[in-house]
Amino acid sequence: SMSLREHALTLFRSAVGTVRPAPMLKRALKLQKDGCPQLLVKGRAFPVKRNLYLVGFGKAVLGMAAAAEEILGDHLTRGIISVPLGIQESLQQAGMWEMLLKPHSKIQVIEGAKNNLPDEEALKGAVAIQELAEGLTADDLLLVLISGGGSALLPAPIPPILLKEKEKLTKMLASRGAAIQELNIVRKTLSLLKGGGLARLSYPAQVVSLILSDVIGDPLDIIASGPTAASSHTVQDCLQILTKYNLLHNLPKSVETVLSSSPTKPTAPEDFSHVCNIIIGSNRLALDEAKRQAEGLGYTTLVLSAAVCGDVGRVATLYCQLIRMLCLGFAGLGEGPQSDEVRRDLLQLVAELQIPGLNLAEFLQALRGLGSKTPVCILAGGETTVQLQGTGKGGRNQELVLRVGLGLHRAQAVEASSSPGRCEIIFLSGGTDGQDGPTEAAGAFCSPELVTEVLQEGLDVEAFLSNNNSYTFFSQFQGGHYLLVTGLTGTNVMDIQAILIRA
C-alpha cells in the first residue's frame, strides 16, 4: 500500500495539474471559425471582426500564452507578455516545452521583475503593453491573460513617481507585515495600468480577461492589482494603510503629489461595459480536484476552506488542534473533557483568524460522523503570512509545516493517541507554483515523529524557527526527505495543505 506521504504527494500533484495553463485554457477558450469567426469564452461569444490582440503578465502567463496562441492560430495579430526573469530558460531546462511559445510566435516576450520585484525590465514590458492598448480601435478584440505575480510585472507608476520610489515604499510596507491585499491597494493607487487602468486605456476595444487567481476569494480588482477590473478602493484606503504602518510622514514628494491629486471616488462600473473578466483557475478548483483524487484513494475527504490566511503561527496552531481532534476521534475519545478543550481552542482560533468560508460548527459536525476505520483527508488552501525576524532561508509553507510538527510534538493528546497501532498522520503544505520563498522547494511534509527524531539528532527546532530558517532545517534533516520538491509548475493558485490520517 502507498504511504501517506505518497498519497499526499499524489493529491498535491493532481491539484496543481488541474490548474496548469494548457488544460485550463483549453477548457475556457475556443475559436469558432465557420461563418463569422467568434471567440467562445466559457460559453460567451465575442466576434473577431478584424484584429485580435493579446497581452499578459504574471508567473503563469507564458504557458497560458502558448496555449492561447495554439487555439487562436492565424487570427492572432500580435501579442506582448511580461513574465518573470529567467522563466523561459527554467522551463526549457525542465523540458516543459508545452509552456513555451513556438518559434516565429506573434507574441513578444519581455522578462523582468527579478525576485518578484518591479524593475526596469518589467517597466519596459508595462510600457509596451500600455502602447499596444492605447492604439486599439472599436474593431479590435484584446485578450488579456492574468496570473499571480502580475503586479510586479506591470509597474507603470503615475508620473512623477519613479519606479525606485514606489519599490522602496512597497518594501517598507512588506517589512512591517502588510498583507498582500494591502500592498496591492497601495501599488494600484500609484499606478497607471493597475486598478482598471489597462481596461480604460484599451477603450473602445472589446477586452476579454482570462484570470488565474492567486488571491483569497478571487476578487477581480485585487488579482495582479486588477488592471482590467473597476477598483473598489479609493485614495482614502491607500492613505489609511500608510497611516496604519506609520509611513504617512516619510513619503517621497512625488507620492505625496500623486496622492493629493488622485480622484477620491472609485471608477463607475459603466466605464467597464467593454470588459469581460473571467476566472479560469483558482485554489478552489485545485482543491476540488484533490478531493476527487482523495476519495478515489479511499479517504473520507473534507475541504476546510480555500481561504486560509493569517499569521503562520496561528494557522499552525489551528492545524495542530484539528489533528488532535481527529486523533481523539480515532482513539474513541471524540466526546469527553479532552475533546471539549480542543473544540473550545478551535472555536477561539477560528473567531480570531476570521477565515472566509470556514464554518467550524458544520465542519466539527461532519468530523463527528466519521468512524475510526476510514482514513480521513482534510484539504485546505490559501496563503499565510510570516513576520520575518531572522535572516534564514525558508518560505511560508516550510515554516508552517515545521511549526505544525513542533505543535504535534508538544500536544500530549497526540502522544497518547499515537501509541503503536493508533493513528498515522502526515501534514503537507506547498505552493502551487512549485516555489516556496527563495528556495527550490514547493513546501514540506511532517509527521508527529518528525520532531521526536529531530531532538534525537540534537537539532534545535525553536532556533531554526526564530531565524525563519525552515529550508535549512529540512535540507539538513534526513537529507531533505521531508522537503516537497516539484520543480516549477508554470501555474500559481496560492498554497495547498493536506492532513492525512489513518488508523
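The values are calculated or read from the model by the stated rules, or taken from the named source; none is laboratory data. Treat the numbers as computed from the prediction; the structure is a model and nothing was measured. Glycine also receives a Cβ, built like all others from the backbone with ideal geometry; neighbour counts cover every protein chain displayed. Surface accessibility is based on the protein's heavy atoms, side chains included, excluding ligands, DNA and RNA. Shrake-Rupley method; radii C 1.70, N 1.55, O 1.52, S 1.80 Å.
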Inter-label distance for M2 and S105, nm, one decimal - labels placed 7 Å from Cα along Cα-to-Cβ: 3.2
Any idea of the accessible area per residue across the chain, 1.4 Å probe, to the nearest Å²? 41
Once both axes come from the Cα atoms, what is the angle between helix 61-72 and the longest principal axis of the chain, in degrees from 0 to 90, rounded to 10? 60
Assuming 0.36 nm per residue, please report the length gained on full extension of the stretch S273 to K124 beyond their Cα-Cα distance. 50.8 nm
Could you work out what % of the accessible surface of the chain is carbon and sulfur, using a 1.4 angstrom probe and leaving DNA, RNA and ligands out of the count? 52
When the Debye formula is applied to the Cα atoms of the chain, each taken as the same point scatterer, what base-10 log of I(q)/I(0) results at q = 0.07, 0.10, 0.13 Å⁻¹? -0.40, -0.79, -1.22
Rounded to the nearest 10 Å², what accessible area does M2 show when all protein chains are kept and the probe is 1.4 Å? 80
Quick one: which residues, 5+ away or cross-chain, put their amide H under 5 Å from the amide H of D311? H built at 1.01 Å from N. T385
Karplus couplings for region 327-341 from phi (6.51 cos²θ - 1.76 cosθ + 1.60, θ = phi - 60°), rounded to Hz, Gly and Pro as x? 5, 4, x, 5, 7, x, 10, x, 10, x, x, 4, 6, 4, 5
Between Q387 and D34, what FRET efficiency follows from the Cβ-Cβ distance if R0 is 60 Å, with the result rounded to 0.05? 0.55
Overall Cα dimensions of region 284-502, principal axis frame, Å, largest first: 44, 40, 34
Per 0.36 nm of contour for each residue apart, how much would the distance between L347 and E98 grow if the chain were fully extended, relative to their Cα-Cα spacing? 85.0 nm
Within region 284-502, percent of DSSP bridges classed antiparallel, to nearest 5: 75
In square angstrom, rounded to the nearest 10, how much accessible surface does C309 have for a 1.4 Å probe? 40
Label point distance in nm, Q236-K168, each placed 7 Å from Cα along Cα→Cβ: 3.0
Residue pairs, from the table K30/K194; K33/K291; K26/K124; K164/K265; K33/K102, whose Cα atoms sit over 32 Å apart: K33/K291
By how many degrees, between 0 and 90 and to the nearest 10, does the Cα long axis of helix 4-18 differ from the longest principal axis of the chain? 10
How much length is gained on full extension from N116 to T374, taking 0.36 nm per residue of separation minus their Cα-Cα distance? 88.6 nm
Let me know the charge dipole size of region 284-502 about its Cα centre in debye, to the nearest 20, where only the beta-carbon of Lys, Arg (+1) and Asp, Glu (-1) is charged. 420
In whole Å, how far is the Cα centre of region 475-495 from that of region 276-322? 18
Roughly how many debye, to the nearest 20, is the charge dipole of the chain about its Cα centre, given +1 on each Lys and Arg Cβ, -1 on each Asp and Glu Cβ, and no other charges? 700
For helix 396-410, what angle does its Cα long axis make with the longest principal axis of the chain, in degrees from 0 to 90 and rounded to 10? 10
